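Just below is one structure, and these are the notes that go with it.
The values are calculated or read from the model by the stated rules, or taken from the named source; none is laboratory data. Only a predicted model underlies this, so the values are computations on that prediction, with no experimental measurement involved. A quick note on method: Cβ atoms are made from the backbone with ideal geometry, for glycine too, and the neighbour counts reach across all protein chains shown. Heads up: the accessible areas ignore ligands, DNA and RNA and are worked out on the full protein's heavy atoms, side chains in. Shrake-Rupley method; radii C 1.70, N 1.55, O 1.52, S 1.80 Å.
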Amino acid sequence: MNDEHIRIALADDHPVVRRGLRAFLDSQPGFEVVAECGDGTALLAALREAEADLVLLDLLMPDGGAPLVQRLGEIAPDARVLVLTSSEDPRLLFDVLQAGALSALLKDSTPEQLREAIQATQRGERFLHPRIAALVAGLRAQAPLRAALSARERDVLRLIAEGLGNADIAGRLGIGIKTVKTHVSHLLLKLDVDDRTQAAVRALREGLVLIDPRSSQRR
């Protein structure tokens, strides 16, 4: 899926905000709203029926926050998550990013910034509002990385460090290539690096993964 057609699930508990976002998204070429929900429970139910490429998610709505993002990773593992929030609580923002949200934008952003954030997030690129990036920078530096990575993310990171590409990782783990790309995007955010080479270097330097010495013989 590319930028020309992005299926979006929209979740916000304020009807006026939700309608405004819906009107904006409907006006943008290539954006299609496939679900519109007012709480986390309704969103999870909707994503069992509708296939979305991206979830535009309010941070503070009922049944929301980091636990919801973790559940989204189970229900819709291929959907990227873009948080749109008025909160500038660094811990809440850090937790939701650690849980798997790829991007985060403040609600005082411009429509152009929202469009750019949606397109970048869909490409697998993290997009953080500058104030959010500043707020979470200190907490990210303090976070114990091993605890921040899920078991599946550690599997993907280990195979990246072994030099495998996305297709080979997908085959080794029995998952889809798009799912691998999602895990890679989350790893780049959690490791605070720009590409998979830097991720591999940091993983090996800090002992985040153990490499099987026989791995090169298997390839």
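A few notes on this one:
- Residue check for K181: assigned to a helix (DSSP H, G or I), at pLDDT below 90 and open to solvent by less than 40 Å² (accessible area, probe 1.4 Å): no
- Filter result for D89 (of a type in the set (D, E, K, R) and either at positive phi or touching a helix residue (DSSP H, G or I) at 6+ places or on another chain (Cβ under 7 Å) (or both)): no
- Helices (runs of 4 or more DSSP H) (entirely within region 37-118) containing at least 1 residues that are open to solvent by 20 Å² or more (accessible area, probe 1.4 Å) and within 22 Å of G176 (Cβ to Cβ): 40-47, 65-75
- Residue within region 152-161 that is open to solvent by 60 Å² or more (accessible area, probe 1.4 Å), of a type outside the set (A, V, I, L, M), at pLDDT 85 or above and outside any helix (DSSP H, G or I) present: no
- Among the residues of region 1-30, those that are under 17 Å from D63 (Cβ atoms), in a loop (DSSP other than H, G, I, E, B) and open to solvent by 40 Å² or more (accessible area, probe 1.4 Å) comprise D13, H14.
Every residue, every condition in (1) of a type in the set (F, W, Y); (2) touching a residue at least 40 places away in the same chain (Cβ under 8 Å); (3) out of contact with any Lys or Arg (no Cβ under 7 Å at 6 or more places or on another chain); (4) farther than 23 Å from R152 by Cα, yes or no:
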position: L44; (1), (2), (3), (4): no, no, no, no
position: A79; (1), (2), (3), (4): no, yes, yes, no
position: T85; (1), (2), (3), (4): no, no, no, yes
position: L92; (1), (2), (3), (4): no, no, yes, yes
position: V96; (1), (2), (3), (4): no, no, yes, no
position: L114; (1), (2), (3), (4): no, yes, yes, yes
position: A117; (1), (2), (3), (4): no, no, yes, yes
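- Inter-residue pairs, beta-carbon under 9 Å, first at pLDDT below 80 and in region 198-217, second in a helix (DSSP H, G or I) and loosely packed, with under 11 Cβ neighbours inside 10 Å, 6+ apart: D212/R218
- Selection count where residues are modelled with pLDDT under 90 and within 18 Å of D78 (Cα to Cα), scope region 124-151: 6
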